[in-house]
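All remarks here apply to the structure that follows.
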Amino acid sequence: MRRSIKLSLIVCALAWIANTDIGLAQRSAPAQPKVPSPEDVFGFQMGADYKLASHEQLLDYFAKLDASSDRIVVDPIGKSSEGRQMIVAVISSEANLKNRARYQEIARRLAFARGVSEPDARALAREGKVIVWIDGGLHATEVAGAQHTPELAWWLVSSESDEARRVRENAILVLMPSMNPDGLDIVRDWYNKNLGTPFETTSPPDIYHHYVGHDNNRDWTMFTQVETQAVAKQLYKVWFPQIVYNHHQSGPFPSRIWGPPMKDPVNPNLDPLVVSTINQIGEAMRKRFDEEEKPGYSSHMLYDIWWNGSMRGGPDYHNMAGFLTETSLYRLATPHCYAAEEIPETFGERHKNLPAKIPSVNYTNPWLGGCWPFRKPVEYMLTASRAVLDLAAKTKEDYLYNIWRMGTRQILRGERAEGGPFAYVIDPSAQHDQSRMVEFLRTFRIANIEVRQADAPFSAGGKSYPAGTYVLGPSSFRPYVVDLIDEKKFPERRLYPGGPPDPPYDMTGYELSYQMGIKIDRVKEPFTLPARFIDEVPLPTGGVTGTATTAFALSPASNWGVRAINRLLKSGARVSWAPDNRLIVQGASRDDINRMGVELGVLFNGLDAVPSGAKPIRAPRVGLYRSYRANMDEGWTRWMLEQYEFPYKTLWNADLRTGDLSQFDVLLFADEADTTILNGAAAGTMPPTYVGGIGMEGAANVRKFVERGGWVVAWDRASDFAILALDLPLRNAVKDTRPEEFFIPGSLLRITTRPAHPLAAGMEASAVAMFADSQVFQIVAPAAEGKQRAARDVDVFVEYPRQNFMVSGWELGGSRYLAGRVAAAHVKVGEGHAVVMGFRPHWRGQPHNTFKLLFNPLFLSTIDGALPVTTAGQ
């Protein structure tokens, strides 16, 4: 009897095994070599407490997975800023991967839509495979994303469950373990170094991307960084996924994962089907969490669907369903337990006091506390990723057909001039700086926006245009084009009637056309479009005009001319600043100047004589302050200096406190609070090496440097430090305002400049600046007699206009606190100079029309004595 029972149990156990993933995998073993699990390779389970895999370990695992199975292909896609290999793992059935070029072509044709009839679209949707992009994130302190990707890949490659088979048959997963491999290792190394110390859960003292830190998720329209460029190529030129899922780990407490549906407002340029598709995906994820009894999925909070500039936002404007989730994070890989009393009653005022302990439509299954080991967020991410893949596989024809449907609809909207003009026309000859136009169009080509160029003169909208004119006509990606060219007004939103503003997720006005100062004609009436599409945007005409060879003049208008001047100075040429703000070059041959001009797309004019009054300049000796508080704007400044070939030296706290600053011409202070510059991190919050700021000793040293002839240039919040340290007769007019009084969270504002002024050389009289919680100055009257402060003239070279200062976005209180006030000023301090700017002139590498406000003081700092007396515009 016992033997019979035992035999029955064995038979039942074998039957159970045979119908599970394990049994099915074993039965298929002869056709598939053993697929290594993550634990086999890493030596620990993904999400084990205190364990983080390095980027090199991730690459090694995916290589082993690739070698073990025909269901995965690992493709290198480029190198990171610090030279690490970036990859995507393409996972599907063996047959699909062998035929992947065909599926890429189907996705491309459906995405562009032009020339594809409805019957053809239906047939392609039946034939094609839904393409799903999932990544492990790009914010390196959000560590679970990258760690979940090996387990997700292993499941899809090795599992024989019905779900895995369905996904492999109907979908192609393009999986990127990490979009920020440098940051992954920076954070992992810092964590391991401090593991077991009081600083175990601190963040690194430097940004976790070589240049831009957290702003690597703010680069998806400008594409300045190599990582962004590499991923954009996969999204917009290789795979054309219908779904783009970007993992993050910073959701509102106490939810365990935040996901779609998104918060209002919705950008009106988006196709409505993008929004409803994202909603559908979000509810499918929520349902999956409820099925698996994993509480804490929240939605409709914090993350809106307005701004175009994030990794998940850009695809939305290409009719792809781009979205993010924010899984709960304690701190890095360290576990944490929450007592029941730590769970608040609501999510707080910013989230409209959504109940946190009782179910609601946006929070169906509240999480009421408990332990949150590192494994938990990994498991939550696996659940979310699998939910997305399962939905895509079950409804793959809908996703394929609908991207064609949206593309066709957007082309028709363009042809009818609905929600924008029929075409945007860009005449190179009308541009203030053609280099900015080329940069603008090149960003559009990275996003695979169709750009046409005329081979012959033509007329449109009652105006004539020359050959070489560029045209952006009706296209399937019209939402992207309209959104980055035409201004918009963010709807005013309050947390409650009469209360403080409801903050947007990021920017409210951000159009590249305005930031880059591009002259664009909006033509509503249809006309015959140029037939030629261009892939690469050519350089403007460069070289030398005229036959004179005594000297060569360069207009201050060209941004790319700055590179030319820096190269010439490095080569030993002599350069002077003329009274009309032109840069005069001597000591280089006409052939060398011409060659450089052609290479850079910069025009020099030959001169018979050097203009009277020209003052020699030299390569500026630049010192850039860098705190231990992970300042992204400092990183952007480094990137800018390198892009335009300014040599510089990084200055840390000790350098400013006790260093010899006389070796520099100019000190730069990027956007950072004055208290952070002075005080840094408090003792006990970071390892001792990274505690403190420059202190009063450093401030005094900076002042001594300026009084002896040096320059200080500071912008945005760092201007408060310059005002304090140098005792400038200015005050920040908005520093102590409340959001209810003054609120401009990220909008484009008009500024008025003085182009004849050397510090505004090359600028247009009316330009556009990005104002992102930025600053406004007011001149302070001279101190009374007997006081230490002497009366000094404030030399204002940029102002906010008194009227019509808003270009695009949202503002509250601008008429009272900003209109007609100082935006940028120069003050003489002893023998030296201070320049303060209320906004960031190079914000995220985007506002090319204000770059000169950063470049000019660098060159001017090398001129002995007073600023040049200008005759420009006279």
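Assorted remarks:
- Checking each residue in the range 725-761 for being open to solvent by 20 Å² or more (accessible area, probe 1.4 Å), in a loop (DSSP other than H, G, I, E, B) and touching a Ser or Thr at 6+ places or on another chain (Cβ under 7 Å) picks out only Ala756.
- Filtered residue count, the range 189-217, keeping only those that are open to solvent by less than 30 Å² (accessible area, probe 1.4 Å), in contact with an Asp or Glu (Cβ under 7 Å, 6 or more places away or on another chain) and in a loop (DSSP other than H, G, I, E, B): 2
- Per-region count, the range 364-379, residues open to solvent by less than 10 Å² (accessible area, probe 1.4 Å), closer than 20 Å to Phe323 by Cα and either out of contact with any His (no Cβ under 7 Å at 6 or more places or on another chain) or without any contact (Cβ under 8 Å) to a residue 40 or more places away in the chain (or both): 1
- Residue count for the range 437-484, restricted to those that are part of a loop (DSSP other than H, G, I, E, B) and either of a type in the set (Phe, Trp, Tyr) or farther than 14 Å from Met222 by Cβ (or both): 18
- Meets criteria (within 21 Å of Val835 (Cα to Cα), open to solvent by 50 Å² or more (accessible area, probe 1.4 Å) and touching a strand residue (DSSP E or B) at 6+ places or on another chain (Cβ under 9 Å)) for Arg708: yes
- Among the candidates Arg386, Arg416, Arg445, residue that is under 29 Å from Ala107 (Cβ atoms) and free of Cβ contacts under 8 Å to residues at least 24 places away in the same chain: Arg416
- When Ile186, Ile131 are checked against the criterion of being hydrophobic (A, V, I, L, M, F, W, C) and open to solvent by 40 Å² or more (accessible area, probe 1.4 Å), Ile186 stands alone in meeting it.
- Residue that is nearest to the chain's Cα centre (by Cα) [pool: residues in the range 220-256 that are in a helix (DSSP H, G or I) and basic (Lys, Arg)]: Lys233
- If the condition is being assigned to a helix (DSSP H, G or I) and touching a helix residue (DSSP H, G or I) at 6+ places or on another chain (Cβ under 7 Å), then the range 113-149 contributes Ala121, Arg122, Leu124, Ala125, Arg126, Glu127, Ala144, Gly145, Ala146, Gln147, His148.
- Subset of the range 471-493 [under 22 Å from Ala113 (Cα atoms) and touching a helix residue (DSSP H, G or I) at 6+ places or on another chain (Cβ under 6 Å)]: Leu472, Pro474, Ser476, Arg478, Leu484
- Enumeration of residues in the range 530-544 that are more than 14 Å from Ile446 (Cα to Cα) and charged (D, E, K, R): Arg532
- Candidates Val451, Val471: the one that is free of Cβ contacts under 8 Å to residues at least 60 places away in the same chain and crowded, with 18+ Cβ neighbours inside 10 Å is Val471.
- Each residue in the range 150-167 was checked for being open to solvent by less than 10 Å² (accessible area, probe 1.4 Å) and part of a helix (DSSP H, G or I), and 7 of them qualify.
- Selection of first residues in the range 676-690 that are without any contact (Cβ under 8 Å) to a residue 24 or more places away in the chain and of second residues that are of a type outside the set (Lys, Arg) and part of a helix (DSSP H, G or I), restricted to Cβ pairs under 8 Å at least 6 apart or on distinct chains, gives the following pairs, ordered by first then second residue: Asn679/Gly695.
- Conditions (1) surrounded by 18 or more Cβ atoms within 10 Å (Cβ to Cβ); (2) without any contact (Cβ under 8 Å) to a residue 60 or more places away in the chain; (3) among the charged types (D, E, K, R): number failed by Arg256: (2)
- Among the candidates Asp535, Asp506, residue that is part of a loop (DSSP other than H, G, I, E, B), open to solvent by less than 20 Å² (accessible area, probe 1.4 Å) and among the charged types (D, E, K, R): Asp506
- Residue in the range 106-119 that is of a type in the set (Asp, Glu) and farther than 26 Å from Leu152 by Cα present: yes
- Ile677 vs. criteria outside any loop (DSSP other than H, G, I, E, B), open to solvent by less than 60 Å² (accessible area, probe 1.4 Å) and within 17 Å of Ser555 (Cβ to Cβ): no
- Residue within the range 817-836 that is surrounded by 24 or more Cβ atoms within 10 Å (Cβ to Cβ) and among the aromatic types (Phe, Trp, Tyr) present: no
- Sole residue being crowded, with 22+ Cβ neighbours inside 10 Å and either within 29 Å of the chain's Cα centre (by Cα) or not aromatic (Phe, Trp, Tyr) (or both), chosen from Ile343, Ile403, Ile411, Ile358: Ile403
- The residues listed here are Gly572, Gly597, Gly587, Gly517; of these, the one that is among the small types (Gly, Ala, Ser) and in contact (Cβ under 8 Å) with a residue 60 or more places away in the chain is Gly517.
- The one condition in (1) out of contact with any Gly (no Cβ under 9 Å at 6 or more places or on another chain); (2) hydrophobic (A, V, I, L, M, F, W, C); (3) open to solvent by less than 50 Å² (accessible area, probe 1.4 Å); (4) modelled with pLDDT of 95 or more that Ala63 fails to fulfil: (3)
- Criterion (assigned to a loop (DSSP other than H, G, I, E, B), out of contact with any Pro (no Cβ under 7 Å at 6 or more places or on another chain), open to solvent by 70 Å² or more (accessible area, probe 1.4 Å) and among the acidic types (Asp, Glu)) met by exactly one of Glu82, Glu39: Glu82
- Output for the range 670-689, where each listed residue is among the hydroxyl-bearing types (Ser, Thr, Tyr) and more than 27 Å from the chain's Cα centre (by Cα): Thr685, Thr689
- Scanning the range 228-253 for residues that are small (Gly, Ala, Ser) and either in contact with a His (Cβ under 9 Å, 6 or more places away or on another chain) or open to solvent by 20 Å² or more (accessible area, probe 1.4 Å) (or both) turns up Ser250, Gly251.
- Meeting the requirement of 2 or more residues that are over 30 Å from the mean Cα position of the chain (by Cα), the strands (runs of 3 or more DSSP E) wholly within the range 795-874 are 822-829, 832-837.
- Ser429 being open to solvent by 20 Å² or more (accessible area, probe 1.4 Å), out of contact with any His (no Cβ under 7 Å at 6 or more places or on another chain) and in a strand (DSSP E or B): no
- Qualifying residue in the range 64-77 (condition: in contact (Cβ under 8 Å) with a residue 40 or more places away in the chain and within 26 Å of the chain's Cα centre (by Cα)): yes
The values are calculated or read from the model by the stated rules, or taken from the named source; none is laboratory data. Bear in mind that the values here come from a model prediction, so they are computed numbers and not experimental data. Because the Cβ atoms are built from the backbone with ideal geometry, glycine has one as well, and the counts that use them run over all protein chains shown. Note: areas computed on protein heavy atoms with side chains; ligands, DNA, RNA excluded. Shrake-Rupley method; radii C 1.70, N 1.55, O 1.52, S 1.80 Å.
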